[in-house]
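Report on the structure given below.
The values are calculated or read from the model by the stated rules, or taken from the named source; none is laboratory data. Given the structure is predicted, the values throughout are model-derived calculations rather than measurements. All Cβ positions, glycine included, derive from the backbone under ideal geometry; neighbour counts span all protein chains shown. Just so you know, the surface numbers come from the protein's heavy atoms only, side chains and all, with ligands and any DNA or RNA stripped out. Shrake-Rupley method; radii C 1.70, N 1.55, O 1.52, S 1.80 Å.
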Amino acid sequence: GGPGAPPSSGLMGKAGKAAAAGAAAKEGGAASKGPPSSGKENKAPEASAAKTKTKAKAGKEAQAAKAQEDPSSPTGLLARFRPTPRPIFFLAFALWCAAVLALYEPCDVKGKKRDCGYSGITPGNCLTVACFMKGGGGPMKKTVKVSRSDGSTLGLTLTEEGSGLVVKEVLEGAVSQHNAKLAADAEDYIAPGDKVVKLAGSTSIGSIKKAMADTSEKTVELEVQRSRLPRLLQWVQNPKGKPNMVEKLLTSPGSVYFGKVWFFNAKMAFACWLVSGYSLASLPMYFSLSAAVAWQLARCCHDENVGGGVPHCYRGKREPMQDVFQKVWSQIKDFGTKVQSDPRAYFEGLFVPGKR
(Lines give C-alpha, C1' and ligand atoms only; values in the text may rest on other atoms or scores of the structure.)
Protein backbone atom coordinates (compact mmCIF):
# COMPACT_ATOMS: atom_id res chain seq x y z
CA GLY A 1 0.00 0.00 0.00
CA GLY A 2 0.56 3.63 0.36
CA PRO A 3 2.54 5.48 2.96
CA GLY A 4 1.29 5.05 6.49
CA ALA A 5 -0.44 1.71 5.80
CA PRO A 6 0.41 -1.35 7.91
CA PRO A 7 2.97 -3.63 6.25
CA SER A 8 0.80 -6.69 6.84
CA SER A 9 -2.03 -5.27 4.71
CA GLY A 10 0.07 -5.60 1.57
CA LEU A 11 0.90 -9.20 2.35
CA MET A 12 -2.76 -9.98 3.04
CA GLY A 13 -3.78 -8.40 -0.22
CA LYS A 14 -1.27 -10.52 -2.14
CA ALA A 15 -2.38 -13.68 -0.33
CA GLY A 16 -6.00 -12.92 -1.10
CA LYS A 17 -5.21 -12.45 -4.77
CA ALA A 18 -3.26 -15.73 -4.86
CA ALA A 19 -6.10 -17.62 -3.20
CA ALA A 20 -8.63 -16.15 -5.62
CA ALA A 21 -6.43 -17.12 -8.58
CA GLY A 22 -6.06 -20.67 -7.23
CA ALA A 23 -9.82 -21.03 -6.78
CA ALA A 24 -10.44 -19.76 -10.29
CA ALA A 25 -7.92 -22.24 -11.69
CA LYS A 26 -9.64 -25.13 -9.90
CA GLU A 27 -13.04 -24.04 -11.17
CA GLY A 28 -11.66 -23.80 -14.70
CA GLY A 29 -10.13 -27.30 -14.50
CA ALA A 30 -13.34 -28.75 -13.15
CA ALA A 31 -15.31 -27.08 -15.89
CA SER A 32 -12.99 -28.46 -18.57
CA LYS A 33 -13.26 -32.00 -17.19
CA GLY A 34 -17.06 -31.84 -16.95
CA PRO A 35 -19.19 -33.36 -14.20
CA PRO A 36 -17.73 -36.69 -13.02
CA SER A 37 -21.15 -38.44 -12.92
CA SER A 38 -22.12 -37.74 -16.57
CA GLY A 39 -20.89 -41.23 -17.82
CA LYS A 40 -22.93 -43.05 -15.22
CA GLU A 41 -25.98 -40.96 -16.05
CA ASN A 42 -25.68 -42.00 -19.78
CA LYS A 43 -25.55 -45.69 -18.86
CA ALA A 44 -28.52 -45.52 -16.52
CA PRO A 45 -31.30 -45.62 -19.19
CA GLU A 46 -29.73 -48.72 -20.82
CA ALA A 47 -29.56 -50.57 -17.53
CA SER A 48 -33.15 -49.59 -16.74
CA ALA A 49 -34.38 -50.93 -20.11
CA ALA A 50 -32.53 -54.23 -19.61
CA LYS A 51 -34.10 -54.64 -16.16
CA THR A 52 -37.55 -53.94 -17.61
CA LYS A 53 -37.09 -56.63 -20.30
CA THR A 54 -35.87 -59.15 -17.73
CA LYS A 55 -38.88 -58.46 -15.51
CA ALA A 56 -41.29 -58.79 -18.46
CA LYS A 57 -39.74 -62.11 -19.52
CA ALA A 58 -39.90 -63.43 -15.96
CA GLY A 59 -43.54 -62.34 -15.75
CA LYS A 60 -44.46 -64.20 -18.95
CA GLU A 61 -42.69 -67.35 -17.76
CA ALA A 62 -44.51 -67.15 -14.45
CA GLN A 63 -47.86 -66.75 -16.20
CA ALA A 64 -47.13 -69.73 -18.48
CA ALA A 65 -46.13 -71.89 -15.51
CA LYS A 66 -49.25 -70.83 -13.62
CA ALA A 67 -51.45 -71.65 -16.65
CA GLN A 68 -49.90 -75.11 -16.92
CA GLU A 69 -50.44 -75.75 -13.22
CA ASP A 70 -54.06 -74.56 -13.39
CA PRO A 71 -56.16 -77.66 -14.35
CA SER A 72 -59.10 -75.48 -15.45
CA SER A 73 -57.13 -73.70 -18.19
CA PRO A 74 -56.89 -75.19 -21.73
CA THR A 75 -53.09 -74.90 -21.57
CA GLY A 76 -52.99 -76.79 -18.31
CA LEU A 77 -55.24 -79.57 -19.58
CA LEU A 78 -53.16 -79.94 -22.73
CA ALA A 79 -49.92 -80.01 -20.77
CA ARG A 80 -51.15 -83.01 -18.79
CA PHE A 81 -51.48 -85.07 -21.97
CA ARG A 82 -48.65 -83.44 -23.91
CA PRO A 83 -45.62 -83.03 -21.62
CA THR A 84 -42.15 -82.09 -22.77
CA PRO A 85 -41.32 -83.26 -26.35
CA ARG A 86 -40.56 -86.97 -26.53
CA PRO A 87 -39.23 -88.24 -29.89
CA ILE A 88 -39.90 -91.90 -29.03
CA PHE A 89 -43.48 -91.68 -30.38
CA PHE A 90 -42.44 -90.29 -33.75
CA LEU A 91 -39.67 -92.89 -33.94
CA ALA A 92 -42.13 -95.70 -33.18
CA PHE A 93 -44.54 -94.54 -35.88
CA ALA A 94 -41.73 -94.11 -38.41
CA LEU A 95 -40.45 -97.62 -37.66
CA TRP A 96 -43.93 -99.02 -38.12
CA CYS A 97 -44.27 -97.36 -41.53
CA ALA A 98 -40.82 -98.66 -42.50
CA ALA A 99 -41.85 -102.18 -41.44
CA VAL A 100 -44.95 -102.05 -43.66
CA LEU A 101 -42.93 -100.82 -46.63
CA ALA A 102 -40.23 -103.47 -46.11
CA LEU A 103 -42.22 -106.53 -45.09
CA TYR A 104 -45.53 -106.32 -46.94
CA GLU A 105 -45.53 -107.20 -50.64
CA PRO A 106 -48.65 -105.80 -52.36
CA CYS A 107 -47.73 -107.29 -55.74
CA ASP A 108 -47.76 -110.91 -54.54
CA VAL A 109 -51.12 -111.58 -56.19
CA LYS A 110 -52.48 -115.12 -56.19
CA GLY A 111 -54.76 -116.16 -59.02
CA LYS A 112 -55.91 -113.98 -61.89
CA LYS A 113 -54.23 -110.60 -62.26
CA ARG A 114 -56.49 -107.64 -63.00
CA ASP A 115 -55.43 -105.07 -65.56
CA CYS A 116 -54.33 -101.75 -64.05
CA GLY A 117 -53.03 -99.88 -67.10
CA TYR A 118 -53.51 -99.50 -70.83
CA SER A 119 -51.85 -100.66 -74.01
CA GLY A 120 -48.28 -99.39 -74.29
CA ILE A 121 -48.04 -98.08 -70.73
CA THR A 122 -44.49 -97.55 -69.48
CA PRO A 123 -43.24 -99.15 -66.26
CA GLY A 124 -42.83 -95.71 -64.72
CA ASN A 125 -46.43 -94.69 -65.36
CA CYS A 126 -47.66 -98.08 -64.21
CA LEU A 127 -45.87 -97.84 -60.88
CA THR A 128 -46.75 -94.20 -60.16
CA VAL A 129 -50.02 -92.76 -61.49
CA ALA A 130 -51.85 -95.60 -63.25
CA CYS A 131 -53.58 -96.72 -60.05
CA PHE A 132 -55.26 -93.33 -59.75
CA MET A 133 -56.47 -93.14 -63.37
CA LYS A 134 -57.97 -96.61 -63.95
CA GLY A 135 -61.62 -97.31 -63.33
CA GLY A 136 -62.91 -93.88 -62.29
CA GLY A 137 -66.09 -92.46 -63.74
CA GLY A 138 -69.36 -90.61 -63.26
CA PRO A 139 -72.39 -91.51 -61.15
CA MET A 140 -73.11 -95.23 -60.77
CA LYS A 141 -76.46 -96.94 -61.28
CA LYS A 142 -77.74 -99.67 -59.03
CA THR A 143 -80.91 -101.76 -59.14
CA VAL A 144 -82.29 -102.52 -55.68
CA LYS A 145 -85.17 -104.85 -54.79
CA VAL A 146 -87.16 -103.86 -51.69
CA SER A 147 -89.62 -106.25 -50.03
CA ARG A 148 -92.63 -104.85 -48.23
CA SER A 149 -95.74 -106.06 -46.43
CA ASP A 150 -99.32 -105.40 -47.54
CA GLY A 151 -100.39 -101.81 -47.19
CA SER A 152 -96.95 -100.42 -46.31
CA THR A 153 -95.33 -97.60 -48.26
CA LEU A 154 -91.74 -97.21 -49.27
CA GLY A 155 -91.28 -94.33 -46.84
CA LEU A 156 -89.30 -92.16 -49.24
CA THR A 157 -89.62 -88.41 -49.52
CA LEU A 158 -88.65 -87.35 -53.05
CA THR A 159 -87.88 -83.90 -54.37
CA GLU A 160 -87.51 -82.74 -57.97
CA GLU A 161 -83.99 -81.71 -58.91
CA GLY A 162 -83.23 -81.01 -62.53
CA SER A 163 -84.76 -83.72 -64.67
CA GLY A 164 -85.27 -86.32 -61.94
CA LEU A 165 -86.42 -87.17 -58.45
CA VAL A 166 -83.91 -87.28 -55.60
CA VAL A 167 -84.37 -88.95 -52.21
CA LYS A 168 -84.65 -86.19 -49.63
CA GLU A 169 -85.49 -88.28 -46.57
CA VAL A 170 -85.98 -91.94 -45.63
CA LEU A 171 -88.92 -92.28 -43.22
CA GLU A 172 -90.44 -95.32 -41.55
CA GLY A 173 -91.42 -97.85 -44.23
CA ALA A 174 -90.21 -100.64 -46.46
CA VAL A 175 -86.97 -98.86 -47.44
CA SER A 176 -85.95 -98.15 -43.83
CA GLN A 177 -86.57 -101.82 -42.96
CA HIS A 178 -84.51 -102.80 -46.01
CA ASN A 179 -81.65 -100.49 -44.93
CA ALA A 180 -81.70 -101.84 -41.37
CA LYS A 181 -80.41 -105.20 -42.65
CA LEU A 182 -77.40 -103.60 -44.42
CA ALA A 183 -74.24 -101.76 -43.55
CA ALA A 184 -74.34 -98.00 -44.14
CA ASP A 185 -71.76 -98.28 -46.95
CA ALA A 186 -73.44 -101.22 -48.73
CA GLU A 187 -74.27 -100.70 -52.40
CA ASP A 188 -77.93 -101.67 -51.87
CA TYR A 189 -78.33 -99.10 -49.09
CA ILE A 190 -80.73 -96.34 -50.20
CA ALA A 191 -79.78 -92.97 -48.73
CA PRO A 192 -80.67 -89.29 -49.13
CA GLY A 193 -79.04 -87.91 -52.26
CA ASP A 194 -79.77 -91.00 -54.39
CA LYS A 195 -81.56 -90.20 -57.64
CA VAL A 196 -84.52 -92.49 -58.44
CA VAL A 197 -84.21 -93.31 -62.15
CA LYS A 198 -86.84 -96.05 -62.31
CA LEU A 199 -89.49 -97.33 -59.91
CA ALA A 200 -91.55 -100.45 -60.66
CA GLY A 201 -90.89 -100.02 -64.38
CA SER A 202 -91.82 -96.33 -64.41
CA THR A 203 -89.23 -93.81 -65.60
CA SER A 204 -90.98 -90.43 -65.91
CA ILE A 205 -91.41 -88.12 -62.93
CA GLY A 206 -95.20 -88.37 -63.00
CA SER A 207 -95.30 -92.16 -63.28
CA ILE A 208 -92.71 -92.56 -60.49
CA LYS A 209 -94.79 -90.38 -58.17
CA LYS A 210 -97.84 -92.48 -58.99
CA ALA A 211 -95.94 -95.70 -58.31
CA MET A 212 -94.84 -94.29 -54.95
CA ALA A 213 -98.47 -94.23 -53.80
CA ASP A 214 -99.06 -97.88 -54.76
CA THR A 215 -98.91 -100.34 -51.85
CA SER A 216 -100.00 -103.55 -53.54
CA GLU A 217 -96.71 -104.99 -54.79
CA LYS A 218 -94.78 -107.32 -52.48
CA THR A 219 -91.41 -106.56 -54.06
CA VAL A 220 -90.58 -103.19 -55.53
CA GLU A 221 -87.65 -102.73 -57.88
CA LEU A 222 -85.88 -99.38 -57.77
CA GLU A 223 -83.10 -98.18 -60.02
CA VAL A 224 -81.09 -95.47 -58.30
CA GLN A 225 -78.22 -93.32 -59.47
CA ARG A 226 -75.68 -92.04 -56.98
CA SER A 227 -72.46 -90.11 -57.12
CA ARG A 228 -69.22 -91.98 -56.48
CA LEU A 229 -67.84 -88.91 -54.76
CA PRO A 230 -68.19 -88.08 -51.06
CA ARG A 231 -70.90 -85.51 -50.37
CA LEU A 232 -68.33 -82.76 -49.69
CA LEU A 233 -66.75 -83.27 -53.14
CA GLN A 234 -69.85 -83.71 -55.28
CA TRP A 235 -69.55 -80.11 -56.47
CA VAL A 236 -66.67 -81.12 -58.77
CA GLN A 237 -68.73 -83.53 -60.88
CA ASN A 238 -69.96 -82.54 -64.32
CA PRO A 239 -73.69 -81.70 -64.17
CA LYS A 240 -74.08 -82.78 -67.82
CA GLY A 241 -73.30 -86.38 -66.90
CA LYS A 242 -69.96 -87.02 -68.61
CA PRO A 243 -67.26 -87.34 -65.93
CA ASN A 244 -64.38 -84.89 -66.03
CA MET A 245 -60.73 -85.69 -65.27
CA VAL A 246 -60.95 -84.67 -61.61
CA GLU A 247 -64.00 -86.85 -61.10
CA LYS A 248 -62.26 -89.84 -62.70
CA LEU A 249 -59.22 -89.29 -60.54
CA LEU A 250 -61.17 -89.06 -57.28
CA THR A 251 -63.47 -92.02 -58.01
CA SER A 252 -60.90 -94.54 -59.26
CA PRO A 253 -60.57 -97.70 -57.11
CA GLY A 254 -56.92 -96.86 -56.51
CA SER A 255 -57.78 -93.41 -55.13
CA VAL A 256 -60.55 -94.82 -52.94
CA TYR A 257 -58.21 -97.48 -51.52
CA PHE A 258 -55.46 -94.88 -51.05
CA GLY A 259 -57.86 -92.75 -49.02
CA LYS A 260 -58.89 -95.65 -46.79
CA VAL A 261 -55.29 -96.71 -46.08
CA TRP A 262 -54.17 -93.13 -45.47
CA PHE A 263 -57.03 -92.49 -43.06
CA PHE A 264 -56.26 -95.68 -41.12
CA ASN A 265 -52.60 -94.69 -40.69
CA ALA A 266 -53.41 -91.02 -40.12
CA LYS A 267 -55.47 -91.94 -37.04
CA MET A 268 -52.46 -93.70 -35.53
CA ALA A 269 -50.23 -90.80 -36.61
CA PHE A 270 -52.45 -88.25 -34.89
CA ALA A 271 -52.47 -90.27 -31.68
CA CYS A 272 -48.66 -90.49 -31.69
CA TRP A 273 -48.35 -86.77 -32.37
CA LEU A 274 -50.82 -85.93 -29.62
CA VAL A 275 -48.79 -87.65 -26.90
CA SER A 276 -45.38 -86.73 -28.34
CA GLY A 277 -45.48 -83.16 -27.02
CA TYR A 278 -44.28 -81.59 -30.28
CA SER A 279 -45.88 -78.56 -31.91
CA LEU A 280 -48.46 -78.59 -34.67
CA ALA A 281 -45.71 -77.99 -37.23
CA SER A 282 -44.57 -81.62 -36.86
CA LEU A 283 -47.97 -83.09 -37.78
CA PRO A 284 -47.38 -82.94 -41.59
CA MET A 285 -44.42 -85.30 -41.15
CA TYR A 286 -46.71 -87.92 -39.64
CA PHE A 287 -49.27 -87.49 -42.41
CA SER A 288 -46.57 -87.66 -45.08
CA LEU A 289 -45.42 -91.03 -43.77
CA SER A 290 -49.04 -92.19 -43.82
CA ALA A 291 -49.31 -91.08 -47.47
CA ALA A 292 -46.12 -92.98 -48.38
CA VAL A 293 -47.53 -96.21 -46.95
CA ALA A 294 -50.90 -95.64 -48.67
CA TRP A 295 -49.25 -95.04 -52.04
CA GLN A 296 -47.08 -98.17 -51.73
CA LEU A 297 -50.14 -100.33 -51.02
CA ALA A 298 -52.41 -98.71 -53.63
CA ARG A 299 -50.02 -98.47 -56.59
CA CYS A 300 -50.16 -100.80 -59.58
CA CYS A 301 -47.58 -103.54 -60.11
CA HIS A 302 -45.49 -104.19 -63.24
CA ASP A 303 -44.01 -107.44 -64.54
CA GLU A 304 -42.45 -107.86 -67.98
CA ASN A 305 -42.08 -111.65 -67.65
CA VAL A 306 -45.70 -112.70 -68.07
CA GLY A 307 -47.39 -114.94 -70.56
CA GLY A 308 -49.92 -114.07 -73.21
CA GLY A 309 -53.23 -112.72 -72.04
CA VAL A 310 -51.74 -111.63 -68.69
CA PRO A 311 -51.41 -107.86 -68.14
CA HIS A 312 -47.93 -106.44 -67.58
CA CYS A 313 -49.42 -103.68 -65.39
CA TYR A 314 -51.76 -105.26 -62.87
CA ARG A 315 -53.56 -104.33 -59.68
CA GLY A 316 -52.01 -105.22 -56.33
CA LYS A 317 -53.73 -107.12 -53.56
CA ARG A 318 -55.28 -104.01 -51.95
CA GLU A 319 -56.24 -105.83 -48.79
CA PRO A 320 -57.97 -104.06 -45.90
CA MET A 321 -55.47 -102.25 -43.68
CA GLN A 322 -56.48 -104.41 -40.71
CA ASP A 323 -55.28 -107.51 -42.62
CA VAL A 324 -52.06 -105.74 -43.62
CA PHE A 325 -51.50 -104.81 -39.98
CA GLN A 326 -51.91 -108.42 -38.82
CA LYS A 327 -49.61 -109.83 -41.50
CA VAL A 328 -46.83 -107.32 -40.82
CA TRP A 329 -47.09 -107.82 -37.07
CA SER A 330 -46.95 -111.58 -37.55
CA GLN A 331 -43.74 -111.24 -39.58
CA ILE A 332 -42.21 -108.98 -36.94
CA LYS A 333 -42.98 -111.55 -34.22
CA ASP A 334 -41.57 -114.40 -36.33
CA PHE A 335 -38.41 -112.37 -36.93
CA GLY A 336 -38.01 -111.70 -33.21
CA THR A 337 -38.50 -115.37 -32.36
CA LYS A 338 -35.94 -116.43 -34.95
CA VAL A 339 -33.30 -114.00 -33.70
CA GLN A 340 -33.99 -114.79 -30.06
CA SER A 341 -33.65 -118.54 -30.58
CA ASP A 342 -30.09 -118.32 -32.01
CA PRO A 343 -28.88 -114.73 -32.48
CA ARG A 344 -25.32 -115.71 -33.33
CA ALA A 345 -26.32 -118.07 -36.13
CA TYR A 346 -28.75 -115.50 -37.52
CA PHE A 347 -26.21 -112.66 -37.72
CA GLU A 348 -23.50 -114.96 -39.04
CA GLY A 349 -25.90 -115.94 -41.80
CA LEU A 350 -26.29 -112.24 -42.64
CA PHE A 351 -22.65 -111.17 -42.61
CA VAL A 352 -20.51 -114.30 -43.07
CA PRO A 353 -20.47 -115.30 -46.79
CA GLY A 354 -19.83 -119.01 -46.17
CA LYS A 355 -22.77 -119.37 -43.80
CA ARG A 356 -25.50 -117.73 -45.82
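Listing for the model above:
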| read-out | value |
| --- | --- |
| Meets criteria (surrounded by fewer than 17 Cβ atoms within 10 Å (Cβ to Cβ), within 18 Å of Lys142 (Cα to Cα) and in contact (Cβ under 8 Å) with a residue 24 or more places away in the chain) for Glu221 | yes |
| Residue within the range 277-294 that is of a type outside the set (Phe, Trp, Tyr) and in contact with a Ser or Thr (Cβ under 9 Å, 6 or more places away or on another chain) present | yes |
| Matching residues in the range 303-333 - criterion: being surrounded by 11 or more Cβ atoms within 10 Å (Cβ to Cβ) and either over 30 Å from the mean Cα position of the chain (by Cα) or among the aromatic types (Phe, Trp, Tyr) (or both) | Asp303, Val306, Val310, Pro311, His312, Cys313, Tyr314, Phe325, Trp329 |
| Candidate set from the range 213-223 (those that are in contact with a strand residue (DSSP E or B) (Cβ under 8 Å, 6 or more places away or on another chain) and not in a loop (DSSP other than H, G, I, E, B)); member that is nearest to Gln234 (Cα to Cα) | Glu223 |
| The range 193-212 - residue that is assigned to a loop (DSSP other than H, G, I, E, B) and under 16 Å from Ala174 (Cβ atoms) and, of those, most open to solvent (accessible area, probe 1.4 Å) | Ala200 |
| Qualifying residue in the range 143-158 (condition: on the phi < 0 side of the Ramachandran plot, touching a residue at least 12 places away in the same chain (Cβ under 8 Å) and within 36 Å of the chain's Cα centre (by Cα)) | no |
| Every residue from the range 231-251 that is modelled with pLDDT of 75 or more, touching a Pro at 6+ places or on another chain (Cβ under 9 Å) and part of a loop (DSSP other than H, G, I, E, B) | Gln237, Pro243 |
| Any hit, the range 107-115, residues being outside any loop (DSSP other than H, G, I, E, B), open to solvent by less than 80 Å² (accessible area, probe 1.4 Å) and over 19 Å from Pro253 (Cα atoms) | no |
| Residue count, the range 137-190 (criterion: over 13 Å from Arg226 (Cα atoms), of a type in the set (Ser, Thr, Tyr) and surrounded by 10 or more Cβ atoms within 10 Å (Cβ to Cβ)) | 6 |
